[in-house]
Amino acid sequence: TGIYHSLEKLGTKHEIPTEQNLNIASLVLSQFPRAELADAKIAFIDLNTNHSVTYGELRRSVYSLATALFHGLEVRKGDVVFLLSPNSVLYSTICLAVLSIGAILTTANPLNTKTEIAKQVHDSGAKLAISTPEELHKLVPTGVPTLLTSSSSDEKFLSVEELIEGCYDSQELPHVHVEQSDTAAILYSSGTTGVSKGVVLTHSNLITITKLFCWSADVSASQDDVFLAFIPMFHIYGLMFFGFGLLCVGVTTVLMQKYNFQGMLIAIEKYKVNNIPAVPPVIHALVKHASKDGCDLSSLRRIGSGAAPLSKEMSQEFRKMFPWVELRTGYGLTESCGGATFFASDKDAKAHPEACGKLIPSFCAKVMDIETGKPLPPNKEGELWLKSGSIMKEYLGNTEATAATVDSERWLRTGDLGYIDENGVVCIVERIKELIKHKGYQVAPAELESVLLSHPLIVDAAVIPVEDEETGQIPMAYVVRRAGSQLSEDQVIQFVAGQVAPYKKVRRVSFIDNIPRSAAGKILRKDLVSQSKYQLVS
Ligand code: 4UW
């Protein structure tokens with residue numbers, strides 16, 4: 001039939017709950033470490049402040065904040081709450097409190113600009129925002145009522161900390177009826193084409209992926225683990241791990257607001273971190289720089305790599321340098337609500353350094369011939385399609401993009417080219433969608449193209465990825481200047497940098513007479529990619 005099924009079974013312990021009125025927040029809270037341990041066990045430690053929070057405190061904070069939001073601020077089921085914060089001990093409290101009362105969570109990168117944030121606030125229909133004091137200025141112009149995470153000197157704004165204190169004796173969650181089919185979160189992704197779109201994830205999507213996460217944790221983590229979190233919780237990878245999944249396992253997580261290599265090494269040594277979900281640039285940095293540093297990394301047992309491709313060579317080099325550390329790659333998308341593949345055994349992972357795991361239980365896949373649209377047998381390359389209870393409901397308010405991405409049988413087209421071998425090992429070979437990944441972050445070419453086109457001296461533009469050893473990919477712009485204009489590469493780079501988050505910056509520019517387009521007007525990105533390769537070597 002051309003359909004690949006996961007070869008793993010979930011088992012009764014991790015069966016996906018079917019009761020209709022289950023809320024993801026209730027599910028996560030119900031999985032916290034057993035009552036007598038809960039008060040003592042540390043859930044989060046902030047690396048900057050050394051402030052820690054136990055599971056007991058976390059539970060009480062969720063109850064208190066949910067009560068304050070519901071009874072005090074009248075946040076209701078279906079209201080969208082916009083969260084703008086780096087990783088912090090309050091992040092998962094806020095997520096769980098918002099979800100527990102049936103409100104909808106939308107998250108954003110705190111590095112995003114005012115304009116990018118205003119766009120998302122508007123698109124998601126946010127009724128309330130929660131922001132760190134540092135990012136508040138980006139929300140003020142939107143006019144959306146805003147809470148601060150922690151108190152600041154500005155008394156006009158209530159803070160989450162104050163709300164929690166004010167309701168600290170709350171013993172339970174407000175009673176709000178939520179169906180699994182209700183929307184829980186709207187995360188932003190550009191998908192296969194165009195600009196960023198709201199990925200609508202339901203409680204059912206999050207419940208499914210959380211139970212699958214618990215299954216994978218059974219073979220790869222335990223309550224005694226100490227995790228390190230620099231993967232941001234505004235992204236599906238961090239949200240799944242640190243917002244929901246690992247809380248069900250009962251581990252301790254050391255939080256970093258922002259990744260930096262030295263900080264990571266210090267954290268590993270200081271807290272005896274043994275488990276790190278990471279991205280390829282971190283693996284790269286460890287291989288290139290760790291040996292010179294004299295830090296003690298002997299506590300490390302496992303490091304994950306996902307969100308972008310890790311080369312076979314890098315994977316092998318890492319294993320050679322750190323023979324005591326298991327390296328596990330995983331692959332997923334915002335649209336699949338997180339991980340779709342994973343290596344349950346290190347032996348398997350070692351034997352396939354080019355691959356990113358096997359389908360996790362309940363996932364099915366097809367590999368579709370790009371030319372004929374027919375499913376392909378093992379070891380043949382085609383577009384990977386995925387099916388699972390965790391596949392997004394839709395792109396918010398965009399039926400056209402939804403129909404182009406999820407078919408009538410609910411198969412998700414990933415826009416990734418790959419193959420599956422006869423043992424079910426999944427290998428991603430190339431990205432065929434427009435998306436650029438810089439350090440694992442999404443950069444949408446269409447967004448940068450529209451910024452470029454707003455320049456009075458630019459007539460046409462196209463943005464493509466250029467491979468970069470350290471960061472994965474960097475955005476490169478092909479620009480057609482107005483006749484007679486002397487616009488320079490540096491001016492173009494500065495112009496874009498002034499309007500987008502730093503990780504989206506165009507980092508190379510080439511001037512060209514015209515942008516190659518198909519008869520239908522679509523940019524022929526492949527031609528530009530080949531041209532850039534030729535230019536870079538010549
Ligand atoms: N190899 C090659 C990979 C890989 C990859 C992703 O920003 P998004 O939408 O989503 C993510 C999610 C990553 C993730 C989530 C949860 C999880 O458990 C896990 O395992 C470690 C990873 O990145 O980008 C999705 C796109 O990113 C590329 C691919 O193009 C995909 O469509 N991508 N992982 N291992 N490419």
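The values are calculated or read from the model by the stated rules, or taken from the named source; none is laboratory data. Computed from a prediction, not measured in an experiment: that's the story for all the values here. Heads up, the Cβs are rebuilt from the backbone with ideal geometry, glycines too, and the neighbour counts pull from every protein chain shown.
Considering segment 189-221 alone, what residues qualify as being part of a helix (DSSP H, G or I) and among the polar types (S, T, N, Q)? I'd like the intermediate steps shown before the answer.
From segment 189-221, those part of a helix (DSSP H, G or I) are 203-220; that's our starting set.
204, 205, 208, 210, 216, 220, listed by residue number.
Of all residues being surrounded by fewer than 18 Cβ atoms within 10 Å (Cβ to Cβ) and of a type in the set (Gly, Ala, Ser) in segment 126-152, which is nearest to the chain's Cα centre (by Cα)? Just the residue, please.
Per the stated criteria, the residue is 150.
This table checks each residue for (1) away from the ligand (no atom under 16 Å from the Cβ); (2) among the small types (Gly, Ala, Ser); (3) free of Cβ contacts under 8 Å to residues at least 60 places away in the same chain.
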| position | (1), (2), (3) |
| --- | --- |
| 331 | no, no, no |
| 336 | no, yes, no |
| 347 | yes, no, yes |
| 353 | no, no, yes |
| 360 | no, no, no |
| 374 | yes, no, no |
| 409 | yes, no, yes |
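Take segment 268-298 and flag every residue that is polar (S, T, N, Q) and within 16 Å of the ligand (Cβ to nearest atom).
275
Do you know which residues across segment 363-406 are more than 23 Å from the chain's Cα centre (by Cα) and among the acidic types (Asp, Glu)?
Hits for segment 363-406 are 369, 371, 381, 400.
Determine, yes or no, whether residue 199 is touching a residue at least 60 places away in the same chain (Cβ under 8 Å) and surrounded by fewer than 20 Cβ atoms within 10 Å (Cβ to Cβ). Show your work before the answer.
On the way: touching a residue at least 60 places away in the same chain (Cβ under 8 Å): yes; surrounded by fewer than 20 Cβ atoms within 10 Å (Cβ to Cβ): no.
Taking the combined requirement at face value, the residue does not satisfy it.
Okay, residues lined up against (1) within 12 Å of the ligand (Cβ to nearest atom); (2) outside any helix (DSSP H, G or I); (3) crowded, with 22+ Cβ neighbours inside 10 Å:
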{"site": "223", "(1), (2), (3)": "no, yes, no"}
{"site": "227", "(1), (2), (3)": "no, yes, yes"}
{"site": "241", "(1), (2), (3)": "yes, no, yes"}
{"site": "254", "(1), (2), (3)": "no, yes, yes"}
{"site": "257", "(1), (2), (3)": "no, yes, no"}
{"site": "262", "(1), (2), (3)": "no, no, no"}
{"site": "266", "(1), (2), (3)": "no, no, no"}
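If residue 207 satisfies all but one of (1) over 28 Å from residue 361 (Cβ atoms); (2) modelled with pLDDT of 95 or more, what's the number of the condition it fails?
(1)
Residue 388: closer than 21 Å to residue 9 by Cα, within 14 Å of the ligand (Cβ to nearest atom) and crowded, with 21+ Cβ neighbours inside 10 Å, yes or no? Full working, then the answer.
Numbers: closer than 21 Å to residue 9 by Cα: yes; within 14 Å of the ligand (Cβ to nearest atom): yes; crowded, with 21+ Cβ neighbours inside 10 Å: yes.
Yes: the conditions hold for residue 388.
Would you point out which residue out of 58, 27, 90, 84 is crowded, with 17+ Cβ neighbours inside 10 Å, under 26 Å from residue 227 (Cβ atoms) and in contact with a Leu (Cβ under 7 Å, 6 or more places away or on another chain)? Lay out the reasoning, then the answer.
Details: 58 fails: in contact with a Leu (Cβ under 7 Å, 6 or more places away or on another chain); 27 fails: in contact with a Leu (Cβ under 7 Å, 6 or more places away or on another chain); 90 fails: in contact with a Leu (Cβ under 7 Å, 6 or more places away or on another chain).
Result of the check over 58, 27, 90, 84: 84.
Looking at (1) within 7 Å of the ligand (Cβ to nearest atom); (2) surrounded by fewer than 21 Cβ atoms within 10 Å (Cβ to Cβ), find the lone condition where residue 301 falls short.
(1)
Of everything in segment 1-17, what is in a loop (DSSP other than H, G, I, E, B) and farther than 30 Å from residue 56 by Cβ? Give them in sequence order. Quick ask: steps written out before the conclusion?
Just the residues of segment 1-17 that are in a loop (DSSP other than H, G, I, E, B), to begin with: 1-3, 6-11, 15-17.
1, 2, 3, 6, 7, 8, 9 - these are the residues of segment 1-17 that are in a loop (DSSP other than H, G, I, E, B) and farther than 30 Å from residue 56 by Cβ.
Return only the number of the condition from (1) within 14 Å of the ligand (Cβ to nearest atom); (2) surrounded by fewer than 20 Cβ atoms within 10 Å (Cβ to Cβ) that residue 232 does not satisfy.
Unmet condition: (2).
Considering only segment 106-118, I want to know if a residue exists there that is of a type in the set (S, T, N, Q), in contact with a Lys or Arg (Cβ under 9 Å, 6 or more places away or on another chain) and either surrounded by 20 or more Cβ atoms within 10 Å (Cβ to Cβ) or closer than 20 Å to residue 238 by Cβ (or both).
yes
Within segment 170-181, can you find the residues that are surrounded by fewer than 19 Cβ atoms within 10 Å (Cβ to Cβ) and either touching a helix residue (DSSP H, G or I) at 6+ places or on another chain (Cβ under 8 Å) or among the β-branched types (Val, Ile, Thr) (or both)?
Within segment 170-181, the subset surrounded by fewer than 19 Cβ atoms within 10 Å (Cβ to Cβ) is 171-172, 174-177, 179, 181.
Answer for segment 170-181, where residues must be surrounded by fewer than 19 Cβ atoms within 10 Å (Cβ to Cβ) and either touching a helix residue (DSSP H, G or I) at 6+ places or on another chain (Cβ under 8 Å) or among the β-branched types (Val, Ile, Thr) (or both): 171, 172, 174, 176, 179, 181.
I'm checking my understanding of the structure. Among residues of segment 30-55 that are within 25 Å of the chain's Cα centre (by Cα) and part of a helix (DSSP H, G or I), which one is surrounded by the fewest Cβ atoms within 10 Å (Cβ to Cβ)?
My answer is 30.
In segment 20-29, how many residues are aliphatic (A, V, I, L, M) and either in a loop (DSSP other than H, G, I, E, B) or closer than 18 Å to residue 77 by Cα (or both)? Reasoning before the result, please.
Applying the first criterion (aliphatic (A, V, I, L, M)) to segment 20-29 yields 22, 24-25, 27-29.
If we keep only those that are either in a loop (DSSP other than H, G, I, E, B) or closer than 18 Å to residue 77 by Cα (or both) too, we end up with 22, 24-25, 27.
Of the residues in segment 20-29, 4 are aliphatic (A, V, I, L, M) and either in a loop (DSSP other than H, G, I, E, B) or closer than 18 Å to residue 77 by Cα (or both).
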